[in-house]
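Presented below is the structure to which this report refers.
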Amino acid sequence: MLLQDSGLPDNRLLARLVEAGTLVLDERDTLHFASPGACELFGAKDEAALKLAWAGLAAQLRIAQWPRARDDAHSHYGRADVHTARGPCAIRYEMHAVDDGGSGHRVVLVRDRAQLLPSDRALLLAAHAVANRHVLTGLVHAAKGPLNNFNLTLALVAAAAARADTDNARPDAAARRARYLEVLQNEAVRLAACIDEIHALTLVHDGTRETIDLSALSQDCARVLRHGATMREVALELDLPARTVNAIGDPALVRLALLSFAISLIELTPHGGRVGWQLTQEWRGAPPKIAMTTSEPSLPHALASALFRLSCTAESPFCSAIAARLVVEAQGGEVVLRDGSDSAAGILLALPAAA
């Protein structure tokens, strides 16, 4: 059985098939095989039980509407909210055509889109590596400002101390030294904050679910990314509401997702371009939305075709955006691509509103 158009080196797709929930369908959409992970996902105790319930599940997955042509079927993916024996489940699926002696068999990868899985670790680590490189560049730049001020003020303090005996008669000498001391104290606080942020990148993350101030988080992300964007001659423009907009989720993972989406757009925007970041909420209690846009007329086709694929691995050039999509969906949110046909090209994401 040869899988067509896997696009994955070194049999990575085979490894993904072993780890993920996997279904094998024939040309009549009959279920021929279901992995233990797929049975568990659909609330069936075993493959036989899933085959008995398959007709109803297939209807909910809208399999009859999936493409039939071999050249289209290999890249079909989507999502569906399915009612299983264990309750509702948010499914994301990806279908691949297989060459099996001329038959129309298809392999379908399925997963719960509301959860991050152990198999996502490589993608998340890759996203962290890419994001941290940009974050560290911004933090190092931010630390150089207070360090330069610190050293300059130390030189002024040293000069003032050398003149202390002759300046004792001058009424402004003490005030001048007090200003120097205040600058040193303030810049020391700024340096300590940068060091704390760098240290935080090394800590092991324990998942939480809490209220997130998206306005403050957006400003923080823009702060650490602005230096890198400026060096690429890309303008990063924030558009935030005057009031606080709160979401619910894992703050560290949501920050990673926002950084990853923004970095992806910054990197594909040429010199002199613009990346927009707009936070909106239609009404209190509605899902907050963040629209990240690029001044480019459209997104790369490779990004659009890879973002929702389940079989992409850390080798993908868009691994950061894929990991960000996984994170947003795992928080209960949604990600939509804007191709530039009817609005600015970019990424729109929504997150659950805080109660």
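Which one of these is polar (S, T, N, Q) and modelled with pLDDT under 75: Thr153, Thr208, Thr202?
Working: Thr153 fails: modelled with pLDDT under 75; Thr208 fails: modelled with pLDDT under 75.
None of the others qualify; the one that does is Thr202.
Residue by residue, here is whether (1) surrounded by 14 or more Cβ atoms within 10 Å (Cβ to Cβ); (2) among the polar types (S, T, N, Q); (3) under 19 Å from the mean Cα position of the chain (by Cα) holds:
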| residue | (1), (2), (3) |
| --- | --- |
| Leu236 | yes, no, yes |
| His271 | no, no, no |
| Gln281 | yes, yes, no |
| Thr294 | yes, yes, yes |
| Leu299 | yes, no, yes |
| Leu303 | yes, no, yes |
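Pick out the one residue from Ala324, Ala286, Ala291 that is in contact with a Lys or Arg (Cβ under 9 Å, 6 or more places away or on another chain) and either modelled with pLDDT of 90 or more or under 30 Å from Ala354 (Cα atoms) (or both). Steps first, answer last, please.
Numbers: Ala324 fails: in contact with a Lys or Arg (Cβ under 9 Å, 6 or more places away or on another chain); Ala286 fails: in contact with a Lys or Arg (Cβ under 9 Å, 6 or more places away or on another chain).
Going through Ala324, Ala286, Ala291 in turn, just one is in contact with a Lys or Arg (Cβ under 9 Å, 6 or more places away or on another chain) and either modelled with pLDDT of 90 or more or under 30 Å from Ala354 (Cα atoms) (or both): Ala291.
If we keep just the residues of segment 99-117 that are over 29 Å from the mean Cα position of the chain (by Cα) and either surrounded by 19 or more Cβ atoms within 10 Å (Cβ to Cβ) or at pLDDT 80 or above (or both), which is farthest from Gly207 (Cα to Cα)? Before the answer, list the steps.
First, pick out the residues of segment 99-117 that are over 29 Å from the mean Cα position of the chain (by Cα): 99-106.
Checking which are either surrounded by 19 or more Cβ atoms within 10 Å (Cβ to Cβ) or at pLDDT 80 or above (or both) leaves us with 105-106.
Details: His105: 39, Arg106: 36 Å.
Only one residue tops the list, namely His105.
Please specify each residue of segment 313-324 satisfying the condition of being open to solvent by less than 50 Å² (accessible area, probe 1.4 Å) and in contact (Cβ under 8 Å) with a residue 24 or more places away in the chain. Quick ask: steps written out before the conclusion?
Taking segment 313-324 as the starting set, the residues that turn out to be open to solvent by less than 50 Å² (accessible area, probe 1.4 Å) are 313-314, 316, 318-324.
The answer is Thr313, Ala314, Phe318, Cys319, Ser320, Ala321, Ile322, Ala323, Ala324.
Taking segment 327-347, which residues are at pLDDT 80 or above, open to solvent by less than 30 Å² (accessible area, probe 1.4 Å) and over 13 Å from Ala114 (Cα atoms)?
Ala345, Gly346, Ile347
With the requirement that a residue be under 17 Å from Leu116 (Cβ atoms) and either in contact with a Phe, Trp or Tyr (Cβ under 6 Å, 6 or more places away or on another chain) or of a type in the set (A, V, I, L, M, F, W, C) (or both), what does segment 260-277 give you? Lay out the reasoning, then the answer.
Initial filter on segment 260-277 (under 17 Å from Leu116 (Cβ atoms)): 260-261.
Once the filter is applied, which keeps residues that are under 17 Å from Leu116 (Cβ atoms) and either in contact with a Phe, Trp or Tyr (Cβ under 6 Å, 6 or more places away or on another chain) or of a type in the set (A, V, I, L, M, F, W, C) (or both), segment 260-277 yields only Phe261.
If you take the residues of segment 238-249 that are out of contact with any helix residue (DSSP H, G or I) (no Cβ under 8 Å at 6 or more places or on another chain) and in contact (Cβ under 8 Å) with a residue 60 or more places away in the chain, which of them is surrounded by the fewest Cβ atoms within 10 Å (Cβ to Cβ)?
The selected residue is Ile248.
Of all residues in segment 218-250, count the ones that are of a type in the set (Lys, Arg) and either part of a helix (DSSP H, G or I) or under 13 Å from Ile290 (Cβ atoms) (or both). Spell out the reasoning first.
As a first pass, look at segment 218-250 and keep what is of a type in the set (Lys, Arg): 223, 226, 232, 243.
Then keep just the ones that are either part of a helix (DSSP H, G or I) or under 13 Å from Ile290 (Cβ atoms) (or both); that gives 223, 226.
Selection size over segment 218-250: 2.
The values are calculated or read from the model by the stated rules, or taken from the named source; none is laboratory data. Everything quoted here is computed from the prediction, not taken from an experiment. Every residue, glycine among them, receives a Cβ derived from its backbone with ideal geometry; neighbour counts consider all protein chains shown. When the accessible area is computed, the model is the full protein with side chains, heavy atoms only, and any ligands, DNA or RNA have been set aside. Shrake-Rupley method; radii C 1.70, N 1.55, O 1.52, S 1.80 Å.
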